[in-house]
Amino acid sequence: MAATNWVIDLEHSEIHFKIRHLLISNITGAFTIFSGKMINPEHDVFEGSSFSIKVDVYSVNTNNVERDEHLKSEDFFDADKYPEVRFDSTSFEHIEGDNYELKGDLTLKGITKPVILDVLFGGQAKDGFGNDRAGFEINGEIDRNDFNIHSPEVDEAGGILFGEDIKIHANIQYIHEK
């Protein structure tokens, strides 16, 4: 069979992140606008698929308008200069059961670094309109220093404001592009 193309269904997908704040709790945020494609070698075969995802940095949402604006600033994402985060896969390998390993290049603030993400294949189904869908849960972690995401490193009392690791969690549902 020939390769098949899939697109992200934004209404049934989400991308979240977490970072330690004051090293005592996590701040959780999301990006609400993103798009992407998956191309798999055969319709029902996902190993070897390629993935590309684009994230609109301006869509960052932590349920705090002031913090969201600060995250868009030069201290963090520098959205005016780098309005998009991009992920392009380099491999997608089956590990066992529904577990896969997704390797790729993450571009954030103009810096591209390789990342490895854990993927749980949620399954494949037809919706009420006869469209084929496939779901994936994606988890990983990046070091914010690798992407030049810095802010003042200490608070007024000399305590560290943010952890270095950013946890990424996404639930992505693809719909087969006919």
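The values are calculated or read from the model by the stated rules, or taken from the named source; none is laboratory data. Just so you know, these numbers come straight off a predicted model, no measurement behind them. Here the Cβ is made from the backbone with ideal geometry for all residues, glycine too, and neighbour counts use every protein chain on show.
A few remarks follow.
- Candidate set: the range 18-38, residues that are at pLDDT 95 or above and within 21 Å of Gly104 (Cβ to Cβ); chosen: the one surrounded by the most Cβ atoms within 10 Å (Cβ to Cβ): Met38
- Qualifying positions in the range 110-139 - crowded, with 17+ Cβ neighbours inside 10 Å and not hydrophobic (A, V, I, L, M, F, W, C): Asp132, Arg133, Gly135
Quick grid of which residues meet (1) within 15 Å of the chain's Cα centre (by Cα); (2) over 19 Å from Ile15 (Cα atoms); (3) without any contact (Cβ under 8 Å) to a residue 60 or more places away in the chain:
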position: Lys72; (1), (2), (3): no, no, yes
position: Ala79; (1), (2), (3): no, no, yes
position: Ile95; (1), (2), (3): no, yes, yes
position: Leu106; (1), (2), (3): yes, no, yes
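- Only residues that are crowded, with 17+ Cβ neighbours inside 10 Å and either at pLDDT below 95 or over 28 Å from Pro114 (Cβ atoms) (or both) were counted in the range 147-178, giving 7.
- Any pair with Cβ under 6 angstrom, 6 or more apart, that starts in the range 1-30 at a residue that is within 11 Å of Ile172 (Cα to Cα) and ends at one that is of a type outside the set (Ser, Thr, Tyr) and in a loop (DSSP other than H, G, I, E, B): Val7/Glu177
- Residues in the range 41-65 that are free of Cβ contacts under 8 Å to residues at least 12 places away in the same chain and either in contact with a strand residue (DSSP E or B) (Cβ under 6 Å, 6 or more places away or on another chain) or surrounded by 14 or more Cβ atoms within 10 Å (Cβ to Cβ) (or both): there are none.
- The set of residues in the range 2-30 that are among the aliphatic types (A, V, I, L, M) and closer than 13 Å to Lys167 by Cβ comprises Ile15, Ile19, Ile27, Ala30.
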